[in-house]
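J.: Pasting a structure below so you can have a look.
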Amino acid sequence: MTENQDRGAWSSRIGFIMAGAGSAVGLGNIWRFPYITGENGGAAFVLIYILCIFLIGFPVMIAELTLGRKTAKNPVGMFHALAPGSPWKYVGGLSVITGLVIFSWYSVIAGWVVGYLYKTAAGHFNNLTDPSATETIFRDFVSNPFSVILLTAFFIALTGYVVFKGVKSGIEKWSRVLMPILVVLLILLAIRSVTLPGASEGLIFYLKPDFSAINTNMLIAALGQAFFSLSLGMGTMITYGSYLSKKDNIPTAAAWVCTFDTLIAILAGFVILPAVAAMGKAYTEGPGLIFQVLPSLFGEMPGGQIFGVGFFMLIIIAAITSTVSILIVPVAYMVDEKKWSRRNAVGFMCLIAFVLSVPAALANGAVGFLSSLPGLGTDYFTIISSLFGDVSLTLGSLFIALFVGWKWSTAKAKEEIESEGITFGLAKQWSFLIRFVAPITVSILLGYTFRDNIWKLFFG
Ligand code: PFF
């Protein structure tokens with residue numbers, strides 16, 4: 001048996017694609033993409049997002065998967081193996097920290113979904129005719145400290161349980177069943193949404209680009225969202241790649257995951273944005289957007305309650321297949337590098353994530369100063385989700401591109417990709433994207449983020 005097989009490989013190519021898509025498809029697609037699109041002017045943002053996915057995200061995904069398969073290690077171990085004794089290991093360290101922080105705030109939103117599942121099942125949204133009522137329900141819900149903390153804890157524990165039970169059996173099976181159902185429900189919901197009276201304005205917003213809306217903040221948001229949605233920049237795909245076999249075709253698998261992930265996000269936009277227009281809500285509602293739109297949308301459908309329960313359940317499963325992939329990074333680090341037992345590593349990381357999640361859970365109205373940080377003009381949740389969603393994933397992806405493009409070398413990567421008779425037809429184009437396009441674009445945009453957002457936020 002090869003080292004790869006000892007650690008357990010995916011059961012088939014489709015097995016990896018499903019698991020990779022399971023990591024990629026999550027709240028990023030269904031919750032984050034629609035509201036970020038809403039905040040960034042609609043169609044023009046979507047176009048730029050798609051460009052970011054295919055010109056930068058896709059090449060970086062190939063790079064991460066290749067690094068993972070080559071070394072069969074977690075990010076820190078991978079850098080140790082390929083660049084021993086160098087400071088690159090700190091990039092691996094950044095991945096571990098980023099993973100923990102993302103896990104903490106992501107679980108807050110997943111906890112909201114669990115709460116909404118309960119509310120839908122209990123009939124709280126039945127006969128909800130006034131769209132402004134959903135707003136009041138949402139605000140009351142997220143500002144109740146006990147329920148949000150409890151639901152977050154529940155979700156963290158659930159993820160911990162799945163990771164503790166072993167990596168591949170769970171994720172692969174769940175993803176295989178979940179994905180097709182999720183797509184069908186999204187299509188049905190999208191049909192309901194675009195046929196609502198007044199939906200056309202939302203469709204125009206979503207499909208007709210207004211290029212004058214393009215600015216650096218929008219470009220940064222698109223790039224950050226691309227990395228977030230594809231699970232790139234913090235070693236998830238390195239860790240997942242470590243379970244690939246030499247026979248797997250990495251570029252094809254990456255292409256499938258990118259396409260699938262993008263289609264689901266675009267579909268979610270068709271569900272949410274036309275309904276926003278039809279219900280007379282603001283596109284710029286932020287993280288609460290889907291929670292204010294979906295209940296009314298279910299109210300407009302025959303059998304909406306059952307549909308709603310099914311849909312929220314699917315979102316929860318989609319979120320778990322993502323948080324599992326996030327938690328695996330710090331856990332694999334503790335198990336492989338620090339020789340902790342799996343049980344202790346999972347327990348410890350879940351505990352830290354829970355502690356970190358408390359302020360994020362309380363930052364949406366439950367605790368005044370967290371919901372509007374003095375002097376910063378924004379809330380703790382927004383800051384932490386953009387620093388540890390967008391900025392650090394973007395930084396992590398930049399380092400991956402630089403490492404593969406300039407340190408380890410794209411020639412060695414090509415050799416690894418082609419190790420068992422696979423031809424990497426787009427090797428030249430990929431090499432150009434990973435060595436030049438990705439690092440240059442990402443560095444410029446990170447420079448702007450630093451100047452316009454981070455510096456201003458903290459130093460005025
Ligand atoms: N891609 C996931 C989503 O869209 O919900 C979130 C995520 C998973 C981000 C894994 C980062 C990561 F490493």
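J.: Quick one: which of 394, 423, 410 is touching a residue at least 40 places away in the same chain (Cβ under 8 Å) and among the hydroxyl-bearing types (Ser, Thr, Tyr)?
T.: That would be 394, the only listed residue that is touching a residue at least 40 places away in the same chain (Cβ under 8 Å) and among the hydroxyl-bearing types (Ser, Thr, Tyr).
J.: What number of residues within the range 36-60 satisfy the criterion of being within 13 Å of the ligand (Cβ to nearest atom) and out of contact with any Ser or Thr (no Cβ under 7 Å at 6 or more places or on another chain)?
T.: 3
J.: Would you check if residue 433 is closer than 28 Å to residue 33 by Cα and open to solvent by 30 Å² or more (accessible area, probe 1.4 Å)?
T.: So residue 433 fits the description; yes.
J.: Please verify whether the range 168-179 includes one or more residues that are closer than 22 Å to residue 327 by Cβ, among the aromatic types (Phe, Trp, Tyr) and open to solvent by 50 Å² or more (accessible area, probe 1.4 Å).
T.: Yes, that holds for at least one residue.
J.: Residue by residue through the range 366-391, note down the ones that are touching a residue at least 40 places away in the same chain (Cβ under 8 Å), away from the ligand (no atom under 12 Å from the Cβ) and crowded, with 21+ Cβ neighbours inside 10 Å.
T.: 381
J.: Let me confirm something: among 132, 95, 143, which residue is polar (S, T, N, Q) and within 14 Å of the ligand (Cβ to nearest atom)?
T.: The match here is 95.
J.: Then there is this: Would you point out which residue out of 301, 313 is more than 26 Å from the chain's Cα centre (by Cα), at negative phi and touching a residue at least 24 places away in the same chain (Cβ under 8 Å)?
T.: Of the residues listed, the single one that is more than 26 Å from the chain's Cα centre (by Cα), at negative phi and touching a residue at least 24 places away in the same chain (Cβ under 8 Å) is 301.
J.: Restricting attention to the range 228-255, which residues are away from the ligand (no atom under 11 Å from the Cβ) and in contact with a Lys or Arg (Cβ under 9 Å, 6 or more places away or on another chain)?
T.: Result: 241, 242, 243, 244, 245, 246, 247, 248, 249, 250, 252, 253.
J.: Would you confirm whether or not the range 32-50 contains a residue that is part of a loop (DSSP other than H, G, I, E, B), touching a helix residue (DSSP H, G or I) at 6+ places or on another chain (Cβ under 6 Å), open to solvent by less than 10 Å² (accessible area, probe 1.4 Å) and of a type outside the set (Phe, Trp, Tyr)?
T.: Among the residues of the range 32-50, at least one is part of a loop (DSSP other than H, G, I, E, B), touching a helix residue (DSSP H, G or I) at 6+ places or on another chain (Cβ under 6 Å), open to solvent by less than 10 Å² (accessible area, probe 1.4 Å) and of a type outside the set (Phe, Trp, Tyr), which makes the answer yes.
J.: Mind listing just one residue for me: the one in the range 352-381 that is hydroxyl-bearing (Ser, Thr, Tyr) and in contact with a Leu (Cβ under 9 Å, 6 or more places away or on another chain) and, of those, farthest from residue 67 (Cα to Cα)?
T.: The residue in question is 371.
J.: Would it be correct to say that residue 346 is open to solvent by less than 30 Å² (accessible area, probe 1.4 Å), within 23 Å of residue 233 (Cα to Cα), more than 16 Å from the ligand (Cβ to nearest atom) and under 24 Å from the mean Cα position of the chain (by Cα)?
T.: Considered against the rule, which asks whether it is open to solvent by less than 30 Å² (accessible area, probe 1.4 Å), within 23 Å of residue 233 (Cα to Cα), more than 16 Å from the ligand (Cβ to nearest atom) and under 24 Å from the mean Cα position of the chain (by Cα), residue 346 comes out as yes.
J.: Looking only at the range 106-130, count how many residues are assigned to a helix (DSSP H, G or I) and open to solvent by 40 Å² or more (accessible area, probe 1.4 Å).
T.: Of the residues in the range 106-130, 2 are assigned to a helix (DSSP H, G or I) and open to solvent by 40 Å² or more (accessible area, probe 1.4 Å).
The values are calculated or read from the model by the stated rules, or taken from the named source; none is laboratory data. What you are looking at is a predicted structure, and each value in this text was computed from that prediction instead of being measured. Glycine also receives a Cβ, built like all others from the backbone with ideal geometry; neighbour counts cover every protein chain displayed. The protein model used for the area step is the full one, side chains on, heavy atoms only, and it has no ligands, DNA or RNA in it. Shrake-Rupley method; radii C 1.70, N 1.55, O 1.52, S 1.80 Å.
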